[in-house]
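Pasting a structure here, questions to come.
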Ligand code: NAD
Ligand code: UDP
């Protein structure tokens, strides 16, 4: 069945690729975004498509969509720590009001709604890997709290709309995801390191670089998000999505240096407050429910991302127009 799909945050790194996939599958796509961290260049190739519509709007404010909506992917929220900390109150409102507005629309349209939650709801975890039943170790009163607590509250709203109003939901706790279409300037570790390496600038490792992350390639993640939306799950509890391969930040820096062949030096900077020391998903729920495991190895994914960043660097006109 051809559906009408709403993607909030559809001009961002993940949202724009989801919009493209849904168009390719024959669906009508409404992309709703305030362009806070998203880029027009991500959706420029989609703009001329007859089944694509871009609506510039801030999800903090309610919105109405004329006609049917069958699926809502709620992705609107800056994901990079320096970006979400720029206006923490707005970030919190984006998560909470954005979830509420998406859920209200889902209720009105009898649509299924997907929430892009995050591994950050586990905070600085005391156990590894993190299963969904782990309740986390989150500072409510720090610079990351606007994002972590906002996403936690959003999960609560999803639970309550499902149980109170029967809204069909799915929730993914997404672990660090990278790939082409990331904004090279967004401040996350993969984009920073590749951008720095390609420009011959210092590679900025925060702290000792011993903290770990698990990096999932975007194509793998999007496969799982789409499968989760299609899953008819009578008990739609949150599901971890990520690649369990765990690397230190220093190992990532070394890989990026080697794969780009850069002459850049690794330099060490202060570790930001409340930076989680370890992060590794337990993905047994996703494997059981979706039959999904990520396929792309970190080095292969980095190579594809590096090539994409190189292409963007060679197209300065498009970058300045974005
Ligand atoms: P991104 O910053 O590239 O995309 C977010 C998009 O949301 C941008 O286009 C931005 O302009 C838009 N947006 C932000 N606030 C908005 C608002 N108030 N109203 C309307 N639009 C708004 O980030 P991404 O990596 O594509 O992440 C997408 C979603 O996935 C986010 O909700 C993020 O929290 C979640 N997530 C991502 C990761 C990851 O590693 N990429 C990990 C965990 C969770
Ligand atoms: N980081 C780093 N150098 C950078 C950017 C990030 O060492 O230029 C570190 C950061 O301190 C964290 C990890 O890389 O330990 C992942 O950071 P990111 O901002 O990508 O996402 P997070 O997982 O912290 O939300």
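Within segment 105-117, is even one residue in a helix (DSSP H, G or I), within 15 Å of ligand 1 (Cβ to nearest atom), touching a residue at least 24 places away in the same chain (Cβ under 8 Å) and within 21 Å of residue 77 (Cα to Cα)?
So far as segment 105-117 goes, yes, one or more of its residues are in a helix (DSSP H, G or I), within 15 Å of ligand 1 (Cβ to nearest atom), touching a residue at least 24 places away in the same chain (Cβ under 8 Å) and within 21 Å of residue 77 (Cα to Cα).
Please go through segment 25-48 and pick out each residue that is more than 19 Å from residue 69 (Cβ to Cβ) and in a helix (DSSP H, G or I).
Passing the criteria: 40, 41, 42, 44, 45.
Out of 178, 161, which single residue is modelled with pLDDT of 95 or more, within 12 Å of ligand 1 (Cβ to nearest atom) and touching a strand residue (DSSP E or B) at 6+ places or on another chain (Cβ under 9 Å)?
When all the criteria are applied, what remains is 178.
Taking into account only those residues within segment 292-307 that are under 30 Å from residue 232 (Cβ atoms) and in contact (Cβ under 8 Å) with a residue 60 or more places away in the chain, which is surrounded by the fewest Cβ atoms within 10 Å (Cβ to Cβ)?
Step by step, filter segment 292-307, then rank; the result is 295.
Right, residue 128: more than 18 Å from the chain's Cα centre (by Cα), touching a residue at least 60 places away in the same chain (Cβ under 8 Å) and more than 13 Å from ligand 2 (Cβ to nearest atom) or not? Spell out how you get there, then give the answer.
Numbers: more than 18 Å from the chain's Cα centre (by Cα): yes; touching a residue at least 60 places away in the same chain (Cβ under 8 Å): yes; more than 13 Å from ligand 2 (Cβ to nearest atom): yes.
Judged against the criteria, residue 128 is a match.
Within segment 189-197, is even one residue free of Cβ contacts under 8 Å to residues at least 40 places away in the same chain and in contact with a strand residue (DSSP E or B) (Cβ under 7 Å, 6 or more places away or on another chain)?
Yes: one or more hits.
Does residue 303 satisfy being assigned to a helix (DSSP H, G or I) and modelled with pLDDT under 95?
no
For segment 267-276, name all the residues that are more than 9 Å from ligand 2 (Cβ to nearest atom) and either assigned to a loop (DSSP other than H, G, I, E, B) or crowded, with 18+ Cβ neighbours inside 10 Å (or both). Before you say what the answer is, go through the steps one by one.
Just the residues of segment 267-276 that are more than 9 Å from ligand 2 (Cβ to nearest atom), to begin with: 267, 270, 273-274.
Correct list: 270, 273, 274.
Can I ask one more? Evaluate the following for residue 209: is it at positive phi and in contact (Cβ under 8 Å) with a residue 40 or more places away in the chain?
Against the criterion (at positive phi and in contact (Cβ under 8 Å) with a residue 40 or more places away in the chain), residue 209 qualifies.
Yes or no, residue by residue, for (1) within 22 Å of residue 312 (Cα to Cα); (2) at pLDDT below 95; (3) in contact with a strand residue (DSSP E or B) (Cβ under 6 Å, 6 or more places away or on another chain):
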site: 201; (1), (2), (3): yes, no, no
site: 214; (1), (2), (3): no, no, yes
site: 218; (1), (2), (3): yes, no, yes
site: 228; (1), (2), (3): no, no, yes
site: 241; (1), (2), (3): no, no, yes
site: 252; (1), (2), (3): yes, no, no
site: 258; (1), (2), (3): yes, no, no
site: 261; (1), (2), (3): yes, no, no
site: 275; (1), (2), (3): no, no, no
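This table checks each residue for (1) within 16 Å of ligand 2 (Cβ to nearest atom); (2) outside any strand (DSSP E or B); (3) loosely packed, with under 15 Cβ neighbours inside 10 Å.
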| site | (1), (2), (3) |
| --- | --- |
| 66 | no, yes, yes |
| 69 | no, yes, no |
| 72 | no, no, no |
| 77 | yes, yes, no |
| 91 | yes, yes, no |
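Cβ-Cβ distance below 9 Å, separation of 6 or more or different chains: which pairs start in segment 24-37 with a residue that is closer than 12 Å to residue 60 by Cα and end on one that is within 6 Å of ligand 1 (Cβ to nearest atom) and part of a helix (DSSP H, G or I)?
Within 9 Å, the pairs are 33/15; 34/94.
The values are calculated or read from the model by the stated rules, or taken from the named source; none is laboratory data. The structure presented is a predicted model; accordingly, all values stated were derived computationally and were not measured. As a convention, Cβ positions derive from the backbone with ideal geometry for all residues, glycine included, and neighbour counts pool all protein chains shown.
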